[in-house]
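K.L.:
Before I ask anything, here is the structure I am working with.
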Amino acid sequence: GDLLINRTNSYDLVGKVGIYESDEEVVFASYLVRLVIDKSKVSPGFLNNWLNSQTAQTTIKRIATRAISQANINPTEFKKHCLVPVPPLPEQAAIADLLSIWDQTIEKTERLIAAKEKRFSWLINSFINDKCGSWEHLRSDKIFESISDKGYGNEELLSVTQDRGVIPRAMLDGRVMSPEGSTDSYKLIKEGDFAISLRSFQGGIEYSKYQGLISPAYTVLRPKLKIVPDFYRHFFKSYLFIEKYLSIAVIGIRDGKQISIPDFMSVKIPYPPLEAQESIAEILNTACQEIALLKKQLEAYRRQKRGLMQKLLTGQWRVKAYGEVK
């Protein structure tokens, strides 16, 4: 029934609150503050939801003091400024119970996503890692060529990301800096091309489903032989490729690392039969689609809970003790 508030952390994470629900007595880190609840006035479950609501988090962020890389909340200021609405205890319990249904659904979906991602790793290992040694290997420059098409300043600007591949900048969250001046020096990348990014030594080579412009700092690879792009999309992001094949072309140390394009083009990589590429890509695509759908569902549940919290914790919607919305 105690709560812990994150007193010192990054600005995004400072002020997050969690409830402790075990009977075991434990210790906690000094960057957390323990809140002992007067249960005659407020339900711990209700208070936990309230303090994590947008209204309370806005207040907490406002009183947080920022340093260079961290923010801090003064407990005295927290008690002074973070005022909690206190509906009748039975209503508080009903609100907490109602929101816990969403919490359980969110947690179950998160576990399912984790299981699907674990299965995807097993599929990569079974259909790529274990079979890779039996496939024909060709030099990269036999399969791909480096393309440097410039002078297409009217094309859409794209961004090279490690988690979503090459995507339009409009799809990025938050503010994106636009290049100053002409983009004629930017490189044209087409659907089906790959991009070697500045951080490829960490996350592999990125695939593009779009046509547009990327920074001239990136290398564009275009297939010379007939391939199944989705097979190489998965292969170029696999741990096997990054550690075994791509590492040969890495120069520099620590953050100074980069990919030597001439070295990469001389590395021999797998070129399985097209039928094998097709079947493996289909299996892996299906697994990825399942994970993507579950993540969309998870975001929908989180969005529904945020909306429900806004209504219930501000009194716009009232609930009876047995959970019926008034």
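The values are calculated or read from the model by the stated rules, or taken from the named source; none is laboratory data. Bear in mind that the values here come from a model prediction, so they are computed numbers and not experimental data. With ideal geometry, Cβ positions are generated from the backbone for all residues, glycine too; neighbour counts draw on all protein chains shown. Side chains included, ligands, DNA and RNA excluded: accessible areas come from the protein's heavy atoms. Shrake-Rupley method; radii C 1.70, N 1.55, O 1.52, S 1.80 Å.
K.L.:
Taking the alpha-carbon distance from LYS224 and a cut-off under 20 Å, which aspartates and glutamates remain once sequence neighbours fewer than 8 residues away in the same chain are dropped?
P.N.:
Within reach: GLU136, ASP141, GLU145, ASP149, GLU191, ASP193, GLU206, ASP263, GLU275, GLU278.
K.L.:
Sticking with this one: Which lysines does LYS226 reach when only Cα atoms under 29 Å apart count, and residues fewer than 8 places away in its own chain are ignored?
P.N.:
Cα-Cα hits under 29 Å: LYS131, LYS142, LYS150, LYS187, LYS190, LYS209, LYS237, LYS244, LYS268.
K.L.:
What do you get for trypsin sites (Lys or Arg not before Pro) in the range 79-148 restricted to DSSP loop and a cutoff of at most 16 other Cβ within 10 Å of the site's Cβ?
P.N.:
Details: sites: LYS79, LYS80, LYS108, ARG111, LYS116, LYS118, ARG119, LYS131, ARG139, LYS142; in loops: LYS131.
Here the trypsin sites (Lys or Arg not before Pro) that fit, given the DSSP loop and packing criteria, are LYS131.
K.L.:
If I stretch the segment between HIS81 and ARG199 completely, what's the gain in nm (0.36 nm per residue apart, minus their alpha carbon distance), one decimal?
P.N.:
38.1 nm
K.L.:
Now a separate question. So, in Å, what gap is there between the alpha-carbon centers of the range 20-68 and the range 209-270?
P.N.:
46 Å
K.L.:
Taking the Cα centre of the range 16-79 as origin and charging only Cβ (+1 Lys, Arg; -1 Asp, Glu), how large is the dipole, in debye to the nearest 20? Don't skip to the answer; put the middle values down first.
P.N.:
On the way: 8 positive and 6 negative charges, 95 e Å.
Dipole of the range 16-79, to the nearest 20 debye: 460 debye.
K.L.:
Run the 1.4 Å probe and let me know the accessible area of MET265, rounded to the nearest 10 Å².
P.N.:
Per-residue accessible area (MET265): approximately 20 Å².
K.L.:
Give the calculated FRET efficiency between GLU278 and ILE251 to the nearest 0.05, with a Förster radius of 41 Å applied to their Cβ-Cβ distance.
P.N.:
Working: r = 35 Å, r/R0 = 0.85.
My answer for the efficiency is 0.75.
K.L.:
Is the shape of the range 10-74 best called rounded, prolate or oblate, per the rule: a/c under 1.5 gives rounded, else a/b larger than b/c gives prolate, else oblate, with a ≥ b ≥ c the square roots of the Cα gyration tensor eigenvalues?
P.N.:
Details: a/c = 2.53, a/b = 1.43, b/c = 1.77.
Because a/c hits 1.5 or more and a/b fails to exceed b/c, the range 10-74 counts as oblate.
K.L.:
Rank these residues by their accessible area, most exposed first, probe 1.4 Å: ASP130, ASP193, ASP230.
P.N.:
Numbers: ASP130 110, ASP193 5, ASP230 40 Å².
Largest to smallest exposure gives the sequence ASP130, ASP230, ASP193.
K.L.:
Relative contact order, percent, of the chain when contacts are C-alpha pairs under 8 Å separated by at least 6 residues? Mind showing how you got there, number by number?
P.N.:
Numbers: 476 pairs, mean separation 59.9, N = 326.
With pairs under 8 Å counted, the relative contact order is 18 percent.
K.L.:
Ok, one more. If the chain between ASP263 and TYR11 were fully stretched, how many nm would it gain, using 0.36 nm times the residue separation less the Cα-Cα distance?
P.N.:
On the way: separation 252, 0.36 × 252 = 90.72 nm, distance 4.20 nm.
Contour length minus the Cα-Cα distance gives 86.5 nm.
K.L.:
To continue, here is another question. With +1 on each Lys and Arg Cβ and -1 on each Asp and Glu Cβ, and nothing else charged, work out how big the dipole of the chain is about its Cα centre, in Debye to the nearest 20.
P.N.:
Working: 45 positive and 38 negative charges, 151 e Å.
Dipole magnitude for the chain comes out near 720 debye.
K.L.:
Keeping to pairs on different chains or 8 or more places apart, tell me how many lysine pairs in the range 1-90 have Cα atoms under 18 Å apart. List each step's numbers first, then the result.
P.N.:
Values: LYS16/LYS61; LYS16/LYS79; LYS16/LYS80; LYS39/LYS79; LYS41/LYS79; LYS41/LYS80; LYS61/LYS79; LYS61/LYS80.
Pairs that pass both the separation and distance tests number 8.
K.L.:
How many percent of the accessible area of the range 78-232 is carbon or sulfur, using a 1.4 Å probe? Write down the numbers at each step before the final one.
P.N.:
Working: 4270 of 8510 Å².
Here it works out to 50 percent.
K.L.:
Given the alpha-carbon gyration tensor of the range 93-146, what are the semi-axes of its equivalent ellipsoid in whole angstrom, ordered largest first, with each equal to the square root of 5 times an eigenvalue? Kindly include the intermediate steps, with their values, before the conclusion.
P.N.:
Details: eigenvalues 436, 39, 3 Å².
Taking √(5λ) for each Cα gyration eigenvalue gives 47, 14, 4 Å.
K.L.:
For the Cα atoms of the chain, what angle does the longest principal axis make with the long axis of helix 274-313, in degrees from 0 to 90, nearest 10?
P.N.:
The angle comes out near 20 degrees.
K.L.:
Moving to a separate point now. Of [x] 22.2, 75; [y] 19.8, 66; [z] 25.8, 75, which one was derived for Rg and Dmax of the Cα atoms in Å from the structure shown?
P.N.:
Working out Rg and Dmax of the Cα atoms in Å from the coordinates points to [z].
K.L.:
Hey, another quick one. Just how far, in whole angstrom, is the range 278-315 from the range 91-167 if you go by their alpha carbon centroids?
P.N.:
14 Å
K.L.:
So if each residue of separation counts as 0.36 nm, and I subtract the Cα-Cα distance between ALA217 and ASP2, what length gain in nm does that give? Show your work: numbers first, answer last.
P.N.:
Values: separation 215, 0.36 × 215 = 77.40 nm, distance 5.16 nm.
So the extension gain works out to 72.2 nm.
K.L.:
For the range 79-225, count all C-alpha to C-alpha pairs, find those more than 24 Å apart, and express that count as a whole percent of the total.
P.N.:
Numbers: 6141 of 10731 pairs.
The proportion of pairs with Cα distances above 24 Å equals 57 percent.
K.L.:
Pick out which of GLY204, GLY252, GLY192 has the largest mean-square fluctuation in a Gaussian network model of the chain, springs linking Cα atoms closer than 10 Å.
P.N.:
Result: GLY252 has the largest fluctuation of those listed.
K.L.:
Tell me, what is the per residue accessible area of the chain in Å², probe radius 1.4 Å?
P.N.:
On the way: 18730 Å² over 326 residues.
Solvent-accessible surface per residue comes out at 57 Å².
K.L.:
Still on this model: Hey, which aspartates and glutamates would be in cross-link range of LYS116, C-alpha to C-alpha under 18 Å, not counting anything within fewer than 8 residues on its own chain?
P.N.:
Excluding near neighbours in sequence, the set is GLU107, ASP163, GLU282, GLU290, GLU299.
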